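Take a look at the structure set out below.
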Amino acid sequence: MPSETCDVVVLLSGSGSNLQALIDSTRAGDSPVRIRAVISNRADAYGLQRARDAGIDTVVLDHKAFDGREAFDQALIERIDAFSPQLVVLAGFMRILSAGFVRHYEGRLLNIHPSLLPKYKGLHTHQRALEAGDHEHGCSVHFVTEELDGGPLVVQAVIPVAADDTPESLAQRVHAQEHQIYPLAVRWFAEGRLRLEEHGALLDGQTLAASGHLIRP
Ligand code: GRF
């Protein structure tokens, strides 16, 4: 294990296949990433089981038990900060975060989204790409800012759309790419190669293009 590790807290609400990809990537002996905890707003999220199986601490914080978004987000901040992470990773966390939360983690909050942002913010991205007749689709890792799915892009994986693709077949291929680019971006951050500055995301000291680093597998 490298001498300098980067402690990460992962937030999720569902299956956690991206968490699994991150866990698997940290098993490489030279990984600087240490997943300190997984926090979910849903007790039945399968991602919690994946965390337990990997010996990672888990926390359930049910948003329905709080009186409003601000109160929940404040409690969430307290739970996250108890683990003193350098990085917070959203991996299918199905909550809109308050401005205060986003500001608290400015420059150390990443999200993954199943489209080539800035296209198709929000939900049903695969369906929308098909309906628009797009020839390419993919996924994006970005720093989180106050604009929903709108922060500076870090890396995108681009895949071709086939004539017979369905939302399900596209989702499957995009998901496989998510599992490649999220561990990559987290590792860059952990190695100190990736950071957010006023003008956008920087990799190895160079400002990334508006689309982030592009990967065409
Ligand atoms: C992924 O499609 C991700 O892009 C989106 O939520 C989904 C999470 O999937 N933000 P999983 O729970 O990691 O399988």
**Item:** Where a residue in region 112-134 is closer than 18 Å to Ile181 by Cα and polar (S, T, N, Q) and its partner, wherever it lies, is assigned to a helix (DSSP H, G or I) and within 14 Å of the ligand (Cβ to nearest atom), with Cβ under 7 Å and at least six apart
**Value:** Ser115/Thr125; Ser115/Ala129
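Going by what's in this entry, would Ala162 be described as of a type in the set (Gly, Ala, Ser), away from the ligand (no atom under 11 Å from the Cβ) and touching a Ser or Thr at 6+ places or on another chain (Cβ under 9 Å)? Spell out how you get there, then give the answer.
Values: of a type in the set (Gly, Ala, Ser): yes; away from the ligand (no atom under 11 Å from the Cβ): yes; touching a Ser or Thr at 6+ places or on another chain (Cβ under 9 Å): yes.
Taking the combined requirement at face value, the residue satisfies it.
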**Prompt:** Only one of Gly150, Gly122, Gly133 is away from the ligand (no atom under 16 Å from the Cβ) and either among the hydrophobic types (A, V, I, L, M, F, W, C) or not in a helix (DSSP H, G or I) (or both); which?
**Reply:** Gly133
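Could you tell me whether Ala21 is on the phi < 0 side of the Ramachandran plot, over 16 Å from the mean Cα position of the chain (by Cα) and of a type outside the set (Ser, Thr, Tyr)?
Values: on the phi < 0 side of the Ramachandran plot: yes; over 16 Å from the mean Cα position of the chain (by Cα): no; of a type outside the set (Ser, Thr, Tyr): yes.
In short, no.
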**Asked** Inside region 40-88, can you point out the residues that are surrounded by 13 or more Cβ atoms within 10 Å (Cβ to Cβ) and of a type in the set (Gly, Ala, Ser)?
**Response** Ser40, Ala45, Gly47, Ala51, Ala54, Ala71, Ala75, Ala82
**Message:** All but one of (1) of a type in the set (Val, Ile, Thr); (2) within 12 Å of the ligand (Cβ to nearest atom); (3) surrounded by fewer than 23 Cβ atoms within 10 Å (Cβ to Cβ) hold for Ile96; state the number of the condition that does not hold.
**Reply:** (2)
**Tabulated pairs, region 99-110, first within 15 Å of Asp149 (Cα to Cα), second at pLDDT below 95, C-beta under 7 angstrom, 6+ apart or interchain** = Ala99/Glu146; Val102/Thr145; Val102/Glu146
**Prompt:** Among the residues of region 178-205, which ones are under 12 Å from the mean Cα position of the chain (by Cα) and hydrophobic (A, V, I, L, M, F, W, C)?
**Reply:** Ile181, Leu184, Ala185, Val186
**Fill in**
Taking region 107-119 and keeping residues of a type in the set (A, V, I, L, M, F, W, C) and in a loop (DSSP other than H, G, I, E, B) leaves Leu116, Leu117
**Message:** Let me confirm something: among Gly107, Gly133, Gly192, which residue is open to solvent by less than 50 Å² (accessible area, probe 1.4 Å), within 29 Å of Asp73 (Cα to Cα) and of a type in the set (Gly, Ala, Ser)?
**Reply:** Gly107
**Request:** Specify the residue that is most open to solvent (accessible area, probe 1.4 Å); the eligible residues are those in region 21-39 that are without any contact (Cβ under 8 Å) to a residue 40 or more places away in the chain and either within 14 Å of the ligand (Cβ to nearest atom) or in contact with a Ser or Thr (Cβ under 7 Å, 6 or more places away or on another chain) (or both).
**Result:** Arg34
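The values are calculated or read from the model by the stated rules, or taken from the named source; none is laboratory data. Please read all numbers here as calculations on a predicted model, not as lab measurements. Because the Cβ atoms are built from the backbone with ideal geometry, glycine has one as well, and the counts that use them run over all protein chains shown. Side chains are part of the model used for accessible areas, which takes the heavy atoms of the whole protein and leaves out ligands, DNA and RNA. Shrake-Rupley method; radii C 1.70, N 1.55, O 1.52, S 1.80 Å.
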